[in-house]
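What follows is a single structure, written as structure tokens, with notes after it.
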Amino acid sequence: MTTDVVRVSVPRAGGGHDLRAVKVVLHRELLRFANDRTRIVSSLVQPVLWLFVMGTGLGTLVRGSVPGVDFRTFMYPGMISMTVIMTAMFSAGSIVWDREFGFLREMLVAPVSRGAIVVGKCLGGAVVATLQGVIILALAGLVGVPYSPGLILTLLGEMFLAAFTITAFGVTLAARMRTMQSFFGVMQMAIMPMMFLSGAMFPLAGLPSWLHVLTTVNPLTYAVDPMRRAVFGHIDVPPQVDAMLNPGVSWFGHRLPVVLELGLVAAVGAVLLAVAVAQFRRTD
Amino acid sequence: MSARAGDLGAAVAVRGLRKTYGKVEAVKGVDFEVAPGEVFGFLGPNGAGKTTTISMLCTLATPTGGTALVAGHDIVTERDAVRRNIGLVFQDPTLDGYLTAEQNLRFHAELYGVPKDLVGDRMRQVLDMVGLWDRRDGKVMTFSGGMKRRLEIARGLLHSPRVLFLDEPTVGLDPQTRSAIWGYIGKLRHSEDITIFMTTHYMDEAEYCDRIAIIDHGELVVIDSPEALKASVGKDRVQIQTGDDERAMVLLRERFGVEAAVREGQVTFAVPSGEEFVPKLFAGLGVPIRSVSVSRPSLDDVFMSYTGSTIRDAESSGTGNQWMRAMARGR
């Protein structure tokens with residue numbers, strides 16, 4: 001052979017290299033998402049059904065007890081969370097898919113830290129879920145939520161944080177799963193109760209104490225509440241209705257500030273991320 | 001280009017490498033060295049320990065005992081250094097079918113930190129080599145099994161590894177693609193400064209290797225060039241057709257001290273080096289010879305003589321599984 005060979009030499013591991021790995025894993029998530037229109041549409045069906053069918057139906061039932069506010073406005077932040085959570089879990093589940101179809105191996109034999117791959121995956125899931133949430137954000141006007149830039153930015157930030165934590169949770173689950181079936185089984189088992197207990201579907205005020213305890217220990221509660229507070233801060237609601245629909249989360253009689261709630265979500269996300277990285281560091 | 005550790009010594013050096021899974025000893029302490037630039041084949045039936053050994057050398061499995069250096073780096077203590085210097089092509093596909101061929105390669109280049117200004121040229125080169133440059137924008141899921149394997153080989157070479165590991169690179173492929181892949185491997189050893197370490201259970205493919213190691217039940221049975229291995233088994237078989245078979249056999253005994261018999265209608269006998277014997281035969285037999293054929297012992301004979309079974313018998317259950325698995329993944 002007379003042709004010149006382009007010879008590349010691969011650098012030693014370092015921060016810059018790990019950053020490239022994070023970016024490319026994230027980039028792949030976005031490519032996969034953009035190429036999969038079925039997924040984009042199908043993951044919208046559930047929240048839209050909840051919002052416009054259940055929301056309208058329940059709304060007529062409770063109209064008398066919550067005057068001055070559309071029940072769908074109450075459900076709206078819950079449905080944003082639901083969309084974000086579902087999309088984030090699906091992204092995390094693609095790790096199981098990658099394992100089944102071998103691509104995970106390609107990532108795990110590369111000379112990069114496992115941490116870079118897991119962080120890239122979690123960021124990818126978070127970005128994709130946020131993008132999916134943007135579609136629900138666009139529906140705000142239909143349920144009486146104003147398109148205020150401040151509100152949109154706040155919701156985007158809160159969506160991203162929730163999505164990152166949920167993806168980290170999903171990756172932790174996916175780390176040991178061998179088949180998509182088992183992952184989705186476990187995911188349903190974990191996500192449904194967390195959704196029900198998060199305040200996404202019904203207000204958390206005046207619950208029986210056992211239910212109240214469960215909602216307080218559910219990390220998702222702290223992701224949903226800041227979004228609801230943001231939405232209710234931008235609409236006019238009579239005070240007694242606000243107290244009923246937007247009670248916040250209280251510890252020992254004190255209502256938690258939004259910053260603390262978001263801090264909790266971030267802390268849970270960081271712990272889950274560390275667990276996920278540790279699981280992928282283990283080899284046989 | 002800076003000097004690399006691999007230039008200083010063996011491309012792969014293995015000492016007492018062992019791996020046990022629970023009570024099963026998959027690899028029972030193997031020793032061998034592979035020289036830089038060599039095409040080295042690991043030959044054995046399925047379940048002999050080939051894949052386990054290759055997994056340890058690629059840092060995918062931690063050895064239970066022993067050490068190994070790949071491209072001059074320890075597989076346990078310098079895992080990332082080993083990974084930077086090796087390319088891998090596995091038995092099962094590890095491509096993302098939803099991405100295009102180019103996107104798969106770009107992903108790999110980023111993951112391996114290939115300098116950005118070189119990615120384009122290098123990618124073109126490896127894709128040209130396997131004849132997939134025109135298909136770079138095609139989604140991998142639309143590719144045939146052979147194209148996928150070729151793409152994996154291209155990807156394994158993208159970061160200019162010192163050692164390319166190929167685990168059963170031709171399993172489940174049609175004969176045409178198999179020979180194409182051997183063509184690339186042949187080209188590679190000329191165009192790139194690379195060592196190739198492969199496993200196979202096809203005897204005919206082992207012939208392409210500079211040296212082969214036969215592994216059976218987790219142990220290295222023998223290691224040598226295919227020629228030397230075949231020579232070690234014994235003699236070549238010579239068959240001649242003559243004008244007078246009876247007289248030819250008598251003369252063979254008298255003049256060359258060779259015992260012959262009639263097999264398949266021809267005078268058949270065994271000598272240590274058939275090619276060298278034939279000219280002497282023509283000069284000295286004194287009976288007209290109409291045709292002659294010399295056959296070497298095959299690697300099947302070699303395998304048989306070292307392990308006591310043919311490779312097909314040893315793995316008769318295994319190939320079926322592998323085929324099923326290839327089918328299941330082909331969707």
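Read the figures in this text as sums done on the coordinates, not as results from a lab. Quick caveat: nothing in here was measured; it's all calculated off a predicted structure. Backbone-built Cβ (ideal geometry, glycine too); neighbour counts: all protein chains shown.
Here are a few things to note about the model shown:
- For the range B:5-229, relative contact order (Cα pairs under 8 Å, six or more residues apart, normalised by length) works out to 29 percent.
- Couplings 3J(HN,Hα) of the range A:181-196, computed from phi: 4, 5, 4, 5, x, 5, 4, 4, 4, 7, 7, 4, x, 5, 5, 4 Hz, in residue order, whole Hz [Karplus 6.51 cos²θ - 1.76 cosθ + 1.60, θ = phi - 60°; x for Gly and Pro].
- Overall, chain A carries a charge dipole of about 680 debye about its Cα centre when +1 sits on the Cβ of Lys and Arg and -1 on the Cβ of Asp and Glu, all other atoms neutral.
- Applying 1/(1 + (r/R0)^6) with R0 = 60 Å to the Cβ-Cβ distance of residue B:301 and residue B:64 gives a FRET efficiency near 0.95.
- Measuring r between the beta carbons of residue A:135 and residue A:53 and using R0 = 25 Å, the FRET efficiency lands at 0.90.
- Residues whose amide H comes within less than 5 Å of that of residue B:195, counting only those at least five positions distant or on another chain, are B:37, B:163, B:164 (H built at 1.01 Å from N in the peptide plane).
- Counting neighbouring beta carbons within 10 Å and listing from fewest to most, the residues B:230, B:116, B:50, B:187 come out as B:116, B:187, B:230, B:50.
- Per-residue [θ]222 nm for chain B (sum of -39500 (n - 2.57) over DSSP H runs n ≥ 4, rounded to 500): -11000 deg cm²/dmol
- Model label sites at residue B:235 and residue B:259, defined 7 Å from Cα along the beta-carbon direction, differ in position by 0.9 nm.
- Hits among aspartates and glutamates - C-alpha to C-alpha of residue B:28 under 16 Å, sequence gap 8 or more where chains match: B:216, B:219
- Here the Karplus curve 6.51 cos²θ - 1.76 cosθ + 1.60, taken at θ = phi - 60°, turns the phi angles of the range B:26-43 into couplings of 6, 10, 10, x, 10, 10, 5, 10, 10, 7, x, x, 7, 9, 10, x, 9, 10 Hz, with x standing for Gly and Pro.
- Panel order for B:236, A:36, by other beta carbons found within 10 Å of each beta carbon, from fewest to most: A:36, B:236.
- Stretching residue A:23 away from residue A:252 to a fully extended chain increases their span by 78.1 nm, per 0.36 nm per residue minus the current alpha-carbon distance.
- For the range B:235-295, a/c is less than 1.5, where a ≥ b ≥ c are the root eigenvalues of the C-alpha gyration tensor. That puts it in the rounded class.
- Global form of chain A, assessed from the alpha-carbon gyration tensor, a/c cut-off 1.5: prolate
- Zone of residue A:39's modelled label, taken as backbone nitrogen in the range B:93-115 under 15 Å from a point 7 Å along Cα→Cβ: B:96-100
- Evaluating 6.51 cos²θ - 1.76 cosθ + 1.60 at θ = phi - 60° for every residue in the range A:31-43, the Karplus couplings come out as 4, 4, 5, 5, 7, 10, 5, 4, 5, 4, 5, 5, 7 Hz, glycine and proline recorded as x.
- Only helices enter the 222 nm calculation for chain A: every DSSP H run of n ≥ 4 contributes -39,500 (n - 2.57), and dividing by all residues gives -23000 deg cm²/dmol, rounded to 500.
- Pairs of lysine residues in the range B:40-198 - Cα separation under 25 Å, sequence separation of 8 or more or cross-chain: 6
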